[in-house]
Amino acid sequence: MSEKLLEVKNLKTSFRIKDDYYAAVDDVSLSVNKNEVLAIVGESGCGKSALAFSIMGLHNRAKIEGNILFKDQDIANLSISNLNKLRGKNMGMIFQDPLTALNPLMEIGDQIGEALLLHNKDLSKTKRKEKVIDLLNKVGIPRPEHVYEQFPHELSGGMRQRVVIATAIANEPELLIADEPTTALDVTIQSQILDLIKELKDDMDAGIILITHDLGVVAEMADRVAVMYAGQIVEIADVHTLFEKPLHPYTRSLFNSVPNTAQAKSKLHVIQGIVPSLQNLPREGCRFSARIPWIDASAHEEHPELHEVSSGHFVRCTCYKHFDFPEGSSKEEQHHGIS
Amino acid sequence: MIDMWKFTLRRILIMIPQIILLSILIFILAKMMPGDALTGMIDPNVSPERLEELREKLGWNDPWHIQYADWVGGLVQGDFGQSFRFKMPVTELIGERIVNSFWLSVATLIFTYLIAIPLGILSGRYNDSLLDQTITGYTYLGFATPLFIFALVMLWVFGFMLGWFPTSGSVSPGSEPGTFAYVMSKINHLILPAIAMALIATVNTVQYLRSEIIDTKQKDFILTARAKGASESRVYNRHILRNSLLPIAAFFGYEITFLIGGTIFVETIYNYPGMGLLFFESITLRDYSVVTAVVLLFGVAAILGALLSDIILSLVDPRIRIK
Ligand SMILES: Nc1ncnc2c1ncn2[C@@H]1O[C@H](COP(=O)(O)OP(=O)(O)O)[C@@H](O)[C@H]1O
Ligand code: SF4
Ligand SMILES: [Mg+2]
C-alpha cells in the first residue's frame with residue numbers, strides 16, 4: 001500500500017460575512033498518498049481554493065473545523081510559527097495567476113532564494129545562489145544567471161509560472177498543491193507547465209493536489225479525482241472509474257459540458273443556474289438539487305452522505321440510482337425517465 | 001543603471017518646457033494685475049507726468065514680448081527686479097527668506113513622515129482594530145481642521161499660554177550667526193510652525209499609507225511569501241512595507257505643493273520671515289516684482305518636487321526604470 005501523506009477529515013472552512021459564518025468548504029474528507037496526483041475539479045466558486053488555502057493555513061480570518069493530518073500531525077489550527085516550519089519546506093503551493101504571485105519589487109533570484117533561506121539559515125549566499133540557478137534550470141528557464149537578476153515584469157506569464165514552481169519546489173516538498181496552475185496561461189504554455197509538474201512529481205516522489213476545472217488536464221495528470229460542488233465533495237474515485245462510470249449527476253454534467261464529448265448541444269441534460277454564492281446556499285437538503293429542477297423533488301435525498309459504491313469510489317447520495325442517465329439523453333427524456 | 005540615467009536625463013529635459021510655460025503664465029498674470037507698484041506706493045504729490053516718465057524709463061510701456069525677454073534675461077542672471085517697498089533688489093530680499101523657508105519645509109517634512117509612517121503602518125496592519133479607528137479618527141479631524149486655525153491655536157497654547165516656544169521671527173535678536181546658540185535658536189523658532197503644519201499635512205499620508213498597506217496585504221504575492229514559510233514580521237518588512245511605501249514616494253511631489261500653500265499661512269501666523277510671509281506681505285502691498293519672483297520660485301519648487309518624486313520612484317521601482 002502506498003504511504004498516506006495527507007488526510008483531511010470532515011473539514012469545514014467558514015468565513016464570517018456580517019455576523020454569520022458561511023461554509024465555503026463543508027465536510028470535506030480526502031487523502032493524498034506519496035507520488036500520487038489527486039485532482040480536484042469543480043466550477044469556479046465551489047471552494048477549491050478555499051480548500052487548498054485551508055490545508056496551507058493561508059486563510060487569515062476563517063473558522064477551520066475538522067482535521068488536516070499531514071504525516072499524522074494535525075495542522076488544521078496550527079500556530080503560524082509552527083506552520084511556517086512546514087510551509088515552503090514540506091509543503092509547497094503553486095498559485096493560479098503567475099502575474100500577481102510574484103513580488104514586483106524583488107529580483108527573481110531573491111524570491112526563490114527566500115524559500116531556501118527561510119528553511120536553511122546556514123546556507124551561504126553563494127551556495128544559495130547556486131541552488132537557485134539549479135532550480136531555474138530544473139524548471140526549464142533559459143539563461144538562469146540572467147533571469148536571476150530580473151524582475152517579474154520582465155518575464156512572460158509562462159516564465160513567471162516556472163519561477164513560482166521553482167519557489168514551491170525549492171525545498172523538495174512532500175506535498176505540492178497546484179491551484180489551477182495553468183488557467184491563466186496560453187494553451188501551448190499550459191501543456192508545457194503540466195509536463196513540468198509531472199516531471200517534477202516523478203522526480204521528487206511528492207504527493208500532488210492538482211486543482212483544475214479542465215477535465216483534459218485531469219485525464220492527463222490525475223491518479224484520483226475528487227469532484228466538488230458548492231463546498232462539498234460529491235464524488236471521488238480513481239481516474240478510470242470516474243471517467244468510465246461517473247455516478248453523481250453533477251459529475252455527469254461536467255463530462256457533458258466538455259465540448260468535444262457533447263455531440264449536440266441540444267442533447268445535453270442542462271444543469272441550470274450557477275453555483276450559488278456562499279450566503280445563498282440552501283441551508284438544508286441537498287445543495288445540488290436546485291440545479292436539476294427537471295428531476296422530481298421527491299427523488300432527492302434529504303441529507304445526502306458520501307457512500308462507498310465500490311472500493312475507493314464514493315458518491316454523495318444514493319438517489320442517483322433512481323435516475324437513469326442514458327448517454328446524451330435530453331432533459332425531457334430524463335424527466336420522463338424518473339416519473 | 002544606464003536606464004536609470006537615461007530616465008533621469010529625460011525627466012530633467014521635460015522640466016525645461018514646464019518651466020518656460022510657468023514663466024509665461026506668471027508673466028501674463030503679473031501684467032494682468034490691476035495697477036502697478038507706482039500706483040499706490042508713491043507720494044501722492046508726484047505728478048502723473050512724472051509717473052508716466054518713470055514707467056517709460058522702467059520699460060513698462062514696451063511691447064509685451066520685449067518686456068518678457070527683458071524679464072527672463074534678468075531672471076537668468078539672478079535679477080528679479082527691485083522691490084518697491086523694501087527699496088532693494090528682490091534677489092537680496094529673497095536670499096535669507098528662502099533659506100528660512102527651506103529649513104521650515106525640511107523640518108515639516110521630517111515631522112510629517114515621522115508621524116505618518118508609524119501611524120499609517122499601524123493603522124493598515126491592524127485595520128479595523130480600535131487602534132486603527134483612533135488613528136483614522138485623527139485623520140478625519142485633521143482633514144476637517146483648517147490649517148490656519150490649527151496653527152493659531154498651537155501658537156496660542158504653546159507660544160503664548162505655555163511660553164514653550166517663541167511666537168515670532170526665525171531667530172532670537174542678537175544671536176551671533178555661526179554660534180551654537182544661533183543654530184539652537186533657529187531650530188527653536190521653527191519647531192512650532194513645523195509641527196503645526198506637519199500635524200495637518202500628515203493626515204493625507206497616513207490615510208494613503210493605510211490604504212496602500214491594506215491593499216498590499218491582499219495581494220497574491222503576499223500569499224506566496226506566506227506559503228514559503230515567511231514569518232509575519234518578514235512578510236511585513238520584506239513584502240508589504242516596501243510595496244506600500246513606494247506610492248508614498250510618488251506622493252512626495254504633492255507634499256511639496258502642500259508645503260508651499262502651508263508656508264503662506266503658517267509663516268504669516270508665526271511671523272516667520274520666509275517666502276510665505278514675503279508672499280503674503282507683497283500681495284497686500286502690491287509689491288508685484290516680489291510677488292512674481294516668489295510665485296515663480298514656488299512653481300519651480302513644485303516642479304522640482306515632482307522631479308524628485310519621479311527619481312526616487314524610479315530608484316525603488318524597477319518597473320518604471322525600464323520604460
Ligand atoms: N476570504 C473569503 N471571505 C469570504 N468569502 C470567501 C473568501 N474566500 C472565498 N470565499 C467564497 O467562498 C467560495 C469559494 O471560493 P473559492 O474557494 O475561491 O472557489 P474556487 O477556487 O473553487 O473558484 C466563493 O463563494 C467565494 O466567494
Ligand atoms: S439529493 Fe442526490 S440526486 Fe438529488 S441533487 Fe442531491 S445528490 Fe443529486
Ligand atoms: Mg480558485
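The values are calculated or read from the model by the stated rules, or taken from the named source; none is laboratory data. Worth saying up front: this structure is predicted, and the values here are computed from it rather than measured. Quick reminder, even Gly has a Cβ in these numbers, built from the backbone with ideal geometry, and neighbours come from all protein chains shown.
Summary table
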| read-out | value |
| --- | --- |
| Some residue of the stretch A:116-131 being over 24 Å from A:V275 (Cβ atoms), free of Cβ contacts under 8 Å to residues at least 60 places away in the same chain, among the β-branched types (V, I, T) and away from ligand 2 (no atom under 16 Å from the Cβ) | yes |
| Residues satisfying the stated conditions in the stretch B:212-261, i.e. of a type in the set (S, T, Y) and farther than 18 Å from B:A306 by Cβ | B:T216, B:T224, B:S231, B:S233, B:Y236, B:S244 |
| Residue within the stretch B:51-65 that is at pLDDT 80 or above and closer than 27 Å to B:T257 by Cβ present | no |
| Unique residue being more than 9 Å from ligand 2 (Cβ to nearest atom), hydrophobic (A, V, I, L, M, F, W, C), at pLDDT below 70 and surrounded by 14 or more Cβ atoms within 10 Å (Cβ to Cβ) when the list is A:F325, A:F314 | A:F325 |
| Condition check for A:I197: away from ligand 1 (no atom under 16 Å from the Cβ) and outside any helix (DSSP H, G or I) | no |
| Residues (more than 7 Å from ligand 1 (Cβ to nearest atom), more than 11 Å from the chain's Cα centre (by Cα) and of a type outside the set (S, T, Y)) located in the stretch A:44-54 | none |
| The one condition in (1) at pLDDT 95 or above; (2) away from chain B (no Cβ under 12 Å) that A:I177 fails to fulfil | (2) |
| Some residue of the stretch A:148-156 being more than 11 Å from chain B (Cβ to nearest Cβ), assigned to a helix (DSSP H, G or I) and under 29 Å from the mean Cα position of the chain (by Cα) | no |
| Hey, A:E65 more than 14 Å from A:D179 (Cβ to Cβ) and either of a type in the set (S, T, Y) or away from ligand 3 (no atom under 16 Å from the Cβ) (or both) or not | yes |
| Evaluation of B:I260 against (1) crowded, with 20+ Cβ neighbours inside 10 Å; (2) more than 24 Å from B:L190 (Cα to Cα) (one fails), failing number | (2) |
| Breaking point among (1) under 18 Å from A:A178 (Cβ atoms); (2) at pLDDT 95 or above; (3) not aromatic (F, W, Y), for A:Q96 | (2) |
| Test: residue in the stretch A:164-174 that is within 11 Å of A:L99 (Cα to Cα), part of a helix (DSSP H, G or I), away from ligand 2 (no atom under 16 Å from the Cβ) and assigned by TED's automatic domain parsing to the domain that holds A:Q73 | yes |
| Selection from the stretch B:249-302 of residues that are in a loop (DSSP other than H, G, I, E, B) and of a type outside the set (D, E) | B:Y270, B:N271, B:Y272, B:P273, B:G274, B:L285, B:R286 |
| Failed condition for A:S266, given (1) out of contact with any helix residue (DSSP H, G or I) (no Cβ under 8 Å at 6 or more places or on another chain); (2) modelled with pLDDT of 70 or more; (3) farther than 25 Å from A:T13 by Cβ | (2) |
| Residue match in the stretch B:237-252 (condition: more than 14 Å from every other protein chain (Cβ to nearest Cβ), touching a residue at least 60 places away in the same chain (Cβ under 8 Å) and not small (G, A, S)) | yes |
| Where A:V275 falls short, out of the listed (1) modelled with pLDDT of 75 or more; (2) surrounded by 14 or more Cβ atoms within 10 Å (Cβ to Cβ); (3) under 22 Å from A:V8 (Cβ atoms) | (1) |
| Unmet criterion (only one of (1) at pLDDT 95 or above; (2) away from ligand 3 (no atom under 16 Å from the Cβ); (3) among the polar types (S, T, N, Q)) for A:S79 | (1) |
| For A:T100: the one exception among (1) touching a Lys or Arg at 6+ places or on another chain (Cβ under 8 Å); (2) part of a helix (DSSP H, G or I); (3) of a type in the set (S, T, Y) | (2) |
| Residues of the stretch A:103-116 that turn out to be in a helix (DSSP H, G or I) and either at pLDDT below 95 or under 18 Å from A:F151 (Cα atoms) (or both), as a count | 8 |
| Some residue of the stretch A:118-131 being within 18 Å of A:L5 (Cβ to Cβ), away from chain B (no Cβ under 14 Å), charged (D, E, K, R) and surrounded by fewer than 16 Cβ atoms within 10 Å (Cβ to Cβ) | no |
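Rundown of residues vs (1) among the aromatic types (F, W, Y); (2) away from every other protein chain (no Cβ under 14 Å); (3) on the phi < 0 side of the Ramachandran plot, yes/no style:
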position	(1), (2), (3)
B:L277	no, yes, yes
B:E281	no, yes, yes
B:Y288	yes, yes, yes
B:T292	no, yes, yes
B:A301	no, yes, yes
B:S309	no, yes, yes
B:L315	no, no, yes
B:I320	no, no, yes
